[in-house]
Each structure stands twice: as C-alpha cells, then as structure tokens.
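To start, the structure itself, in structure tokens.
The values are calculated or read from the model by the stated rules, or taken from the named source; none is laboratory data. Values in this document were obtained by computation on a predicted structure and should not be read as measured data. Cβ placement follows ideal geometry from the backbone for every residue including glycine, while neighbour counts extend to all protein chains displayed. Only protein heavy atoms, including side chains, enter the accessible area calculation; ligands, DNA and RNA are left aside. Shrake-Rupley method; radii C 1.70, N 1.55, O 1.52, S 1.80 Å.
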Amino acid sequence: MKKILFASSEAMPFAATGGLGDVLGALPSSLASVHPDWDIRVVIPLYGQVGAEWREKMTFEKSVMVTLAWREQYCGIFSLEHNGVKYYFLDNEYYFKRPSLYGSFDDPERFAFFSRAVLDLMEAVDFFPDILHANDWQTALSVIALKQERGLMPGYKDVKAVYTIHNIDYQGVYGMGIIGDVFGLKNDQASIVDYNGDINLTKGAIVCADFVTTVSPRYAEEIKTEYYSHGLHYIINQYGYKIGGIINGIDESVYDPEHDHDIPYTYSVCDIEGKNKNKEELQKEFGLEVNPNVPVVAMVSRLAEHKGFDLVCCIADELMKDNVQFVLLGTGDSKFERFFSAFAERHPGQAGVRLAYNRKLSKLIYAGADMFLMPSKSEACGLAQMIASRYGTVPIVRETGGLYDTIKPYSWDRSGNGFTFSAYNAYDMLYVIREAEGVYADKENWNDLVKKIMTIDFSWKTSARRYAELYESVSSVK
C-alpha cells in the first residue's frame with residue numbers, strides 16, 4: 001500500500017480557476033479507483049469560495065500554529081471524504097478569505113504559509129506519505145522545506161517529493177529581499193531558489209524534488225528550450241535526468257455524449273444521428289445557415305495570442321471563401337474580441353461568435369461541430385482536443401505540447417485521429433483545414449473517423465496508472 005498526499009492551491013469541485021483544479025479533482029479519485037488499497041489524500045486552502053454544501057460535510061480535525069519566518073499563524077485543519085479520497089482544508093481567514101483565489105499583493109506570503117502548513121499537517125494528523133505530490137509554484141516551498149529543513153526529522157525523512165509543472169509561465173519569481181521575512185528561508189538556503197538574482201520557487205522545487213513532471217511528454221522536452229521555458233531552460237536541462245511528462249486525462253463521466261444532459265440530443269459511437277441533430281441546433285444557436293452538408297469549424301478558448309488567434313485572424317476571411325462555417329466561444333484579449341465581433345458581422349450566416357464563458361454552450365459546440373481548431377503556439381497539455389474527440393468532433397491542431405502527444409495526423413491509410421501542422425504559420429494551418437474539408441466531403445470516410453476518435457481512451461485512469469508507476473519507482477529509491 002502506498003500513501004500519497006497531493007498539495008495544491010485548488011481542486012474541483014471545491015475551489016478552482018482552471019486546469020490545475022480539474023487535475024486535482026480527477027487524478028486523486030482515479031488513482032484511488034486504480035489502487036483501492038492505497039491511501040490517497042489531498043490538501044488545499046479553505047478559501048472563502050468553498051461552498052456551504054461542502055463546509056457542512058467537513059470534520060474539524062485540530063488546529064496548529066504554523067511558523068512562517070517570525071510569525072506564528074493559526075491553521076485550522078478540516079477534512080471530508082469525496083470520491084474515495086480524503087481532502088484536507090487548511091483554514092486561515094486572513095490569508096484565504098479573499099474575493100479571488102489569486103491576485104492579492106501578498107500571494108507570496110499566503111502560499112508560503114500554505115506550503116509550510118502542508119508539512120505541519122503531516123505531523124498533526126499523523127499522516128506521513130510515501131509521496132508528497134506538489135503542484136505549481138504555490139506549493140513549491142513545501143518541497144524545498146521538506147528537503148532542506150525536515151529531511152532528517154522522524155517521519156519526514158522517508159517522504160519523497162514529486163513536483164508537477166502545469167504551466168511554466170508562472171514560476172513564483174520574487175525579489176531576493178523577502179527570502180527571510182516572507183518565505184522563512186535562511187541565507188545559506190538562498191542558492192537553492194536563486195535564479196538570475198531573484199527568488200524562483202519553481203527552480204527551487206526542481207532542484208529539491210525527487211522527480212519533476214509536466215502534463216505531457218512533449219511539453220517536458222519543449223521546456224528544455226529557450227522558446228518555451230520562460231528563462232528556466234538552463235535549470236531544466238541541468239536536472240533533465242529527473243524530469244518527465246505524463247499526459248492529463250478527461251473525466252469521461254462528465255464528457256459523455258451518450259448521457260450528457262447539457263446537450264439537446266444524446267448519441268453514441270453505435271448511433272451518431274444525435275450528433276447531426278446537435279449540429280442543426282448549433283447552427284440555429286449561432287445564426288448560421290442550417291445545412292447538414294457544410295462543415296462547422298469551431299473554437300472554444302480563451303482569446304490569447306499563445307492560443308494561436310493571430311494565425312486565425314490572418315486567414316479568417318480567406319477561410320470564409322470555402323464552403324465552411326465558423327463558430328467561436330470565448331473571452332480574452334480585447335484586440336481579438338474586436339476582430340471576431342467585426343468578423344462575424346462581415347460574414348452573417350456563415351460565422352458565429354459568442355464572447356462569453358458558457359460551459360453548457362461549450363458542450364453544444366463540442367457535440368454539434370464537425371472540426372475543432374486548436375492552433376496553439378504553446379499548449380502544456382490541452383483538454384479541449386480530447387473532449388472534442390469524445391464527442392466525435394475532429395481536432396485540427398498545431399503539433400505542440402499535449403496536442404502533439406494526443407493527436408496524430410490523418411493519412412491516406414486512414415491512420416491518425418485528427419489533422420495537424422507543425423510550423424507556426426497561418427497558411428500551414430489553412431492547408432490542413434482544407435485537407436480536413438476534403439476528407440469531410442467523403443461522408444463514409446468522415447463518419448468512420450468520427451466513430452474512431454470517439455473510442456479513444458483519454459480517461460484519467462490511463463494517466464493514473466502512469467502516475468502510480470512513477471510513485472512506485474520514486475519511492476523504491478533509498
């Protein structure tokens with residue numbers, strides 16, 4: 001039996017802002033189902049955003065005083081069971097009862113407190129795991145303090161640390177002047193976190209962890225280069241021997257076209273007629289001409305440059321010369337919002353744009369569109385291409401990060417599960433969209449491709465097994 005403690009700044013369904021929360025909501029329970037004899041636990045802050053429906057189910061364990069530099073701060077420990085996993089919530093209203101999870105001026109102190117409280121939690125509830133699995137910079141200090149300060153203490157000395165980089169854009173970089181007062185690190189520990197004269201918490205976690213993962217194998221290789229690393233490639237290459245990637249999964253009970261109550265018509269790989277009916281509903285919803293023979297190219301994304309929207313802007317009007325329709329759902333950079341609003345006005349009945357975040361509408365797009373476009377400049381993992389596949393909407397992606405790992409190009413022999421391009425070039429993208437249009441024209445081949453991608457296993461259980469193998473390997477090293 002293995003004991004695993006996940007430390008994260010967020011987790012679904014309690015409090016989350018994005019992909020990190022999705023991972024911590026799905027991976028622990030999937031791991032518990034793969035290894036029901038393992039003791040899997042998760043610890044997150046008790047934010048003000050955690051709803052009353054969860055608070056009512058919590059048990060108060062105890063309180064401890066957490067030492068953070070010169071401070072002694074209260075920490076209440078609450079717990080509840082959810083999907084076969086025990087969740088701990090660390091309470092300190094001064095730090096965590098805020099309007100949002102992130103973005104406060106004192107985020108370094110808030111998550112320094114949380115990281116140190118994670119280590120105090122182990123002793124307080126007498127749970128010293130085989131593996132502490134920390135996630136992103138907010139929990140990096142827990143890895144650093146475990147290895148630099150508590151590594152020889154009873155209980156802690158046998159705990160191995162795995163650290164996951166979900167997005168290397170955010171590294172926890174701060175001025176060296178707060179190393180003692182905020183993070184509680186001593187001067188002789190400065191070299192562990194020092195990078196270019198600043199504190200870099202991700203760098204410190206890479207140095208100290210027993211193993212470092214990213215959320216796809218390709219991304220683990222890409223961040224060794226200056227283009228993708230946001231300046232951290234020297235350290236990543238130095239410690240490359242203990243860095244690897246494991247692709248994320250999707251919750252197939254949430255994304256299931258056969259039982260999804262968020263879509264007008266359910267369907268399965270055995271009977272995809274419901275998908276055609278959803279396409280009609282999608283065309284009506286976005287004011288497009290209702291025509292079953294016109295392929296619908298869709299995007300559901302935050303409107304940001306690294307998502308490839310500059311490429312889409314470059315060829316959008318040219319694409320409309322084809323017999324295709326275009327649907328976009330998302331919000332973000334104002335320049336892209338302005339462009340796509342005007343674009344939809346230029347092409348009424350052929351292009352539909354909704355500048356919003358709408359989870360239910362996104363389900364209709366996944367279910368009703370024919371093709372799903374993801375031309376990302378960088379994509380650590382990406383979930384949308386897997387969700388689209390689950391609903392039989394064929395991905396068109398740039399070969400980067402998790403997109404490269406999950407989508408392989410369709411070929412004349414009918415191998416592959418999507419359409420891909422490698423260079424970050426608008427006309428390379430347009431070429432593969434038109435390649436997809438050509439295959440779409442052959443309905444028999446297209447329907448075979450749709451059914452094929454619906455059966456691909458992108459579930460969390462596959463990823464959980466790989467993490468389990470990693471934990472076994474790491475914990476076996478003495």
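A few comments on the model shown:
- Legend: calculated FRET efficiency, residue 102 to residue 1, from the Cβ-Cβ distance at R0 = 35 Å, rounded to 0.05, equals 0.50.
- For region 328-413, the list of chymotrypsin sites (Phe, Trp or Tyr not before Pro) that fall in a loop by DSSP and count at most 14 other C-beta atoms within 10 angstrom reads 357, 412.
- Environment charge at residue 7 (Cβ cut-off 13 Å; Lys +1, Arg +1, Asp -1, Glu -1): -1
- Prolate/oblate/rounded call for region 90-146, Cα gyration tensor, a/c under 1.5 rounded: prolate
- Only beta bridges with both residues in the chain are counted; by DSSP, about 35 percent of them are antiparallel.
- Stokes-Einstein D (µm²/s) once Rh is taken as the Kirkwood radius of region 308-361 over alpha-carbon pairs, at 20 °C in 1.002 mPa s: 185 µm²/s
- Three-way shape call for region 134-180 based on the alpha-carbon gyration tensor, with the a/c threshold at 1.5: oblate
- Under 12 Å, Cβ to Cβ, from residue 210 - net charge with Lys/Arg +1 and Asp/Glu -1: +2
- The mean sequence separation of alpha-carbon pairs under 8 Å and at least six residues apart, normalised by the residue count of region 323-478, gives a relative contact order of 15 percent.
- When both region 123-161 and region 14-82 are represented by their alpha-carbon centers, they are found 16 Å apart.
- Extending 7 Å from Cα along the Cβ direction at residue 83 and again at residue 322 yields two label points whose distance is 3.6 nm.
- Amide N of region 1-45 lying under 15 Å from the label point, which is placed 7 angstrom from the Cα of residue 302 along Cα→Cβ: 10, 16-23
- Distance violations [Cα-Cα > 29 Å] among 62/242; 86/147; 3/363; 2/97: 62/242; 3/363; 2/97
- Accessible surface, the chain, averaged per residue in Å² (probe 1.4 Å): 40 Å²
- Order of exposure, largest accessible area first, which applies to 386, 153 with probe 1.4 Å: 153, 386
- Rounded D (µm²/s) - region 168-230, Kirkwood Rh over Cα pairs, Stokes-Einstein at 10 °C, 1.306 mPa s: 125 µm²/s
- With both labels modelled 7 Å from their Cα along Cα-to-Cβ, the residue 37 to residue 415 distance reads 4.0 nm.
- Rg ratio (alpha-carbon, reference 2.2 N^0.38 Å) - the chain: 1.02
- In region 404-473, trypsin sites (Lys or Arg not before Pro) in a DSSP loop with at most 15 other beta-carbon atoms within 10 Å: 414
- Here the sum of -39500 (n - 2.57) over DSSP H runs of 4 or more residues, divided by the residues of the chain, equals -11000 deg cm²/dmol at 222 nm, to the nearest 500.
- Cα gyration tensor, region 6-50 - rounded (a/c under 1.5), prolate or oblate: prolate
- Per-residue 3J(HN,Hα) values for region 369-375, derived from phi via the Karplus relation 6.51 cos²θ - 1.76 cosθ + 1.60 with θ = phi - 60°, read 6, 9, 10, 10, 9, 9, x Hz in sequence order (x marks Gly and Pro).
- As a ratio to 2.2 N^0.38 Å, the alpha-carbon radius of gyration computed for region 89-244 takes the value 1.02.
- Charge sum, other residues only, whose C-beta stays under 12 Å from residue 460's C-beta, Lys/Arg counted +1 and Asp/Glu -1: -1
- Over 31 Å (Cα to Cα) - which of 277/452; 377/478; 284/307; 203/408 fall in this group: 377/478; 203/408
- Full-extension gain in nm, residue 313 to residue 126, via 0.36 nm per residue minus C-alpha separation: 61.7 nm
- Surface composition of region 156-236: carbon and sulfur make up 50 percent of the accessible area, probe 1.4 Å.
- Basic side chains Lys and Arg get +1 at the Cβ, acidic Asp and Glu get -1 at the Cβ, and with that the dipole of region 382-475 about its Cα centre reaches some 260 debye.
- Fully extended contour minus Cα-Cα distance, from residue 153 to residue 469, at 0.36 nm per residue: 111.1 nm
- For region 31-78, the normalised intensity computed at q = 0.15, 0.18, 0.26, 0.31 Å⁻¹ comes to -0.63, -0.81, -1.02, -1.12 (log10 of I(q)/I(0), Debye sum over alpha carbons, equal scatterers, no solvent).
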